[in-house]
1. Please get the size of the charge dipole for segment 1-75, origin at its Cα centre, with Cβ charges of +1 on Lys and Arg and -1 on Asp and Glu, quoted in debye to the nearest 20.
2. Among Thr137, Phe106, Ser181, which residue has its Cα positioned farthest towards the positive end of the charge dipole of the chain, with +1 placed on the Cβ of Lys and Arg, -1 on the Cβ of Asp and Glu, and the dipole taken about the Cα centre?
3. Percent of accessible area on the chain owned by carbon and sulfur, 1.4 Å probe?
4. Select from Ala33, Leu55, Trp10 the residue farthest towards the positive end of the dipole of segment 1-156; place +1 on Cβ of Lys and Arg, -1 on Cβ of Asp and Glu, and compute about the Cα centre.
5. Got a sec to turn the phi values of segment 365-372 into Karplus ³J(HN,Hα) couplings, 6.51 cos²θ - 1.76 cosθ + 1.60 with θ = phi - 60°, whole Hz, x for Gly and Pro?
6. In the chain, what percentage of the DSSP-assigned beta bridges are antiparallel, given to the nearest 5?
7. So what does Lys183 come to for accessible area, using a 1.4 Å probe and Å² rounded to 10?
8. So which trypsin sites (Lys or Arg not before Pro) in segment 118-160 end up in coil per DSSP with only 15 or fewer other C-beta atoms within 10 Å?
Amino acid sequence: MADRVTVIGWDGTPLTAAARSALSAATLVAGAAHHLALDELPARAERIRLGSVALAARRIAAHRGTAVVLADGDPGFFGVVRTLRAPEFGLEVEVVPAVSSVAQAFARAGMPWDDAEVVVAHRRTLRRAVNVCRAHTKVAVLTSPGAGPAELGLLMEGVHRTFVICEELGTDREQVSVVTSDKAADHTWRDPNVVIVIGGSGGSGTPASRDTGWIAGREPVTASRGWALPAAEYGGDIWLGEGEGDRLRAAQLARIGPRVGDLVWDIGSGSGAFTAEAARFGAAVIAVDRDPDALGRTTAAVRRFGVQAQTVHGTAPHILEDLPEPDVVRVGGGGAAVVSAVADRRPERIVTHAATRDAAELIGRDLSEHGYAVECALLQSVELDTRAWREEKRTVVFLLSGRLPDRSP
């Protein structure tokens, strides 16, 4: 096992005295091509070109001597330190950090970043990174080959954002470009790069409404505490359609569990209550309705709570054909035909409701035929006037949910 492992962050500035001292004693140095070309590397040290960090860690673990790993930016921030410290390698590391590429990118843009979400985009995580960009107004994306600015822009179709693209930070080839998301695919971008994605209602680029924050990333929404809020929060009972009551909404949200990185379809958004509340959990939401007034109410609800959602005008199921793949779906209207079309797209979870047992059986049978594990419950809620303890309103509805067993939770 290596006698000593030092991980040195490099941000393009001259190495610190601690970094130079560690390098001068190294008998093995691992890093990218531009790291291995640094003048400070000892001539007789073994050199490893970093591709797979896990493979390099095995080589380092087997090395008898002093090892140094060079990495861009802060190696403890979405960097190599996590892999090197994995139990299977048994390595104890010392870290000499540098300015992270995210901090550099925001510095080049002249923007604060304590309110930014930070995500890593690989080919396997690209879609979830895009969903975070849909849902939030300021996101930094650490990209990788095949999951860069062009791919982000293509998957952001229908949502307008501004991209600040920072290429090869800290080198003499550094370049910062500002483009709209729909133009990002028109260019070829050099790796490594960081993309700052900004925009949406309440997006950055305008002065912050508060002088300081208290938590990094997205500040929890404070417009109203709780979720499955009562009708009064959405304009009153007159605006809530069938299936939008707070008790049913609570059960629907509990069944699909929207979360950061998800894309939620809300089909038949009505008042926008479900759309707004799914977005408050941090998910990206596409609200679909054939009624322009309903979409207007949805937009108003989303803005009121300071969250993001895309609205699409059209009639399901036909309008669904061109939408990006969902993780979870709430069907608020359209019945069995729409549920069947949604199931064809294989989201992890689907939730809907039915007014009659016959309609519930039809939907449940269709979900089962699509391979979903189906739950159905008859929900009855009774609202009471607590002054006189008399019944005010009674609601009875069938709640149906489908879970696809072969999709990871």
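The values are calculated or read from the model by the stated rules, or taken from the named source; none is laboratory data. What you see is a predicted model, and the numbers here were worked out from it, not measured in a lab. Here the Cβ is made from the backbone with ideal geometry for all residues, glycine too, and neighbour counts use every protein chain on show. Side chains are part of the model used for accessible areas, which takes the heavy atoms of the whole protein and leaves out ligands, DNA and RNA. Shrake-Rupley method; radii C 1.70, N 1.55, O 1.52, S 1.80 Å.
1. Computed charge dipole of segment 1-75: roughly 380 debye.
2. Phe106
3. Its accessible area is 50 percent carbon and sulfur atoms.
4. It is Leu55.
5. So the J values, rounded to whole Hz, are 5, 5, 4, 4, 5, 7, x, 8.
6. Expressed as a percentage, antiparallel bridges in the chain total about 50.
7. 100 Å²
8. Arg123, Arg124
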